[in-house]
Amino acid sequence: RGRPRRGSGVTLPTVAVVICAYTQQRWGDLQAAVESAKRQPEATEVVVVIDHEPELLLRAAARWPELRVVPNTEDRGLSGARNTGVALADSDVVAFLDDDAAADPDWLMHLVEALELPDVVGVGGRAIPSWPDATGAGPFPDELLWIVGCSYTGLPTEAGDVRNVIGSSMAFRRDVLLAAGGFRSGIGRVGNQPLGCEETELCIRIAQMRPESRIRYEPRSTVSHRVSPDRVSMRYVRRRSYYEGISKAVLSRRVGARDSLSSEGTYLTRVLPGALLRELGALGRGGGTRALAIVTSVAATVTGYAVGRTLGTVVVRTAAPAPARERVVV
């Protein structure tokens with residue numbers, strides 16, 4: 001099943017890259033993502049999963065007849081689409097790349113190397129924002145780049161163990177994904193509804209199931225994550241943060257508040273206060289806008305968390321998922 005590492009006799013695991021897409025509005029981004037995945041020497045297959053969008057499915061199948069382009073056979077949403085890809089993949093490792101992210105040439109190599117470390121079952125890479133030319137970075141200090149799905153100040157600066165990965169660039173051992181039941185439906189992004197935490201929930205669930213396992217962050221594995229113009233605004237900061245709070249509330253109900261908020265304490269009490277003080281000291285150089293973004297994000301996240309804890313399933317569907325499963329393809 002394996003093949004040699006570049007320039008050595010070491011045998012590597014087989015790797016499937018799964019890319020999920022849901023809208024034709026990202027067609028240009030999807031093409032860039034798929035082509036960057038195809039160029040990865042470590043990728044033994046690329047699977048494109050279309051999330052309940054028949055026209056996009058036909059378009060993608062015509063564009064890449066050499067690849068496996070399939071519909072999401074589970075619940076609508078990113079979790080179900082990812083599970084479809086995991087079930088169809090014929091590989092030891094499954095890597096995930098967002099449909100609006102383009103991978104560096106050595107992206108997959110670094111993820112696979114990290115998975116060779118003892119007890120490492122999952123690894124995430126670094127996502128760098130690609131800002132719209134007309135708008136620039138908008139109101140985002142580096143500490144808030146998670147709002148646009150990118151690596152942010154507060155993450156480790158060097159390779160190391162972490163609680164969870166960022167979904168735009170990650171890889172897992174496939175047998176561990178299947179044993180854990182895959183990604184949970186009822187949590188995470190559905191269409192353009194900016195929910196999240198499906199990767200966090202999976203990583204926590206794996207750690208609870210296998211306490212000896214490790215999740216790794218490898219910043220040398222890099223993707224460029226495009227930020228669309230509609231996400232570079234204070235309105236989006238507020239909306240995304242509010243839904244992040246709701247997602248954290250759902251997450252705490254499922255895996256417990258202790259595990260679901262274990263990393264957020266340091267972020268809220270050390271990282272963000274330091275960033276706020278820095279931006280307040282730079283009021284004449286755009287710091288006021290960035291300081292407002294920090295305060296807005298914290299307030300919206302806390303509000304969303306309170307609403308999610310109070311209303312529960314009224315806010316977001318939390319039905320139990322069908323587990324990821326092996327699928328026989330003839």
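The values are calculated or read from the model by the stated rules, or taken from the named source; none is laboratory data. The structure presented is a predicted model; accordingly, all values stated were derived computationally and were not measured. Ideal geometry is used to build each Cβ from the backbone, glycine not excepted, and the neighbour counts take in all protein chains shown. Areas reflect the complete protein model, heavy atoms only, side chains present, ligands, DNA and RNA absent. Shrake-Rupley method; radii C 1.70, N 1.55, O 1.52, S 1.80 Å.
Matching residues to (1) in a loop (DSSP other than H, G, I, E, B); (2) more than 17 Å from Phe183 (Cα to Cα); (3) open to solvent by 50 Å² or more (accessible area, probe 1.4 Å):
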position	(1), (2), (3)
Val17	no, no, no
Ser36	no, yes, no
Val46	no, yes, no
Pro65	yes, yes, yes
Arg76	yes, no, yes
Arg82	no, no, no
Asp99	yes, yes, no
Query raised in the report: So which residues in segment 84-97 are among the hydrophobic types (A, V, I, L, M, F, W, C) and assigned to a loop (DSSP other than H, G, I, E, B), if there are any at all?
Result: Ala89
Query raised in the report: Considering only residues of segment 185-214 that are of a type in the set (Asp, Glu) and open to solvent by 10 Å² or more (accessible area, probe 1.4 Å), which is modelled with the highest pLDDT?
Result: Glu212
Query raised in the report: Restricting attention to segment 157-168, does a residue exist that is part of a loop (DSSP other than H, G, I, E, B) and of a type in the set (Ser, Thr, Tyr)?
Result: yes
**Report entry** Residue under evaluation Val315, criteria (1) open to solvent by 40 Å² or more (accessible area, probe 1.4 Å); (2) out of contact with any Gly (no Cβ under 6 Å at 6 or more places or on another chain); (3) at pLDDT below 90, criterion not met
**Finding:** (2)
Query raised in the report: Consider Ile166 against the criteria (1) open to solvent by less than 10 Å² (accessible area, probe 1.4 Å); (2) closer than 25 Å to Leu56 by Cβ; (3) in contact with a strand residue (DSSP E or B) (Cβ under 6 Å, 6 or more places away or on another chain): it satisfies all of them except one. Which criterion is unmet?
Result: (1)
Requested in this report: Answer yes if at least one residue in segment 284-306 is modelled with pLDDT under 95, in a helix (DSSP H, G or I), touching a Lys or Arg at 6+ places or on another chain (Cβ under 7 Å) and buried (at least 20 other Cβ atoms within 10 Å of the Cβ), and no otherwise.
Outcome: yes
Report task. Mind counting the residues in segment 105-156 that are more than 30 Å from Arg238 (Cα to Cα) and assigned to a loop (DSSP other than H, G, I, E, B)? Result -> 6
Report task. Could you list all residues from segment 114-134 that are closer than 17 Å to His225 by Cα, exposed (fewer than 14 other Cβ atoms within 10 Å of the Cβ) and not hydrophobic (A, V, I, L, M, F, W, C)? Result -> Asp133
Query raised in the report: Among the residues of segment 256-270, is any closer than 14 Å to Arg309 by Cα, open to solvent by less than 10 Å² (accessible area, probe 1.4 Å) and touching a residue at least 60 places away in the same chain (Cβ under 8 Å)?
Result: yes
Requested in this report: Give the residues of segment 230-250 that are among the charged types (D, E, K, R) and under 23 Å from Gly265 (Cβ atoms), sorted by residue number.
Outcome: Arg238, Arg240, Glu244, Lys248
Report task. Would you check if there is a residue in segment 222-231 being under 21 Å from Asp29 (Cα atoms), in a loop (DSSP other than H, G, I, E, B) and modelled with pLDDT of 90 or more? Result -> yes
Query - Which numbered condition Tyr217 misses (of (1) farther than 18 Å from Gly154 by Cβ; (2) modelled with pLDDT of 95 or more) - result: (1)
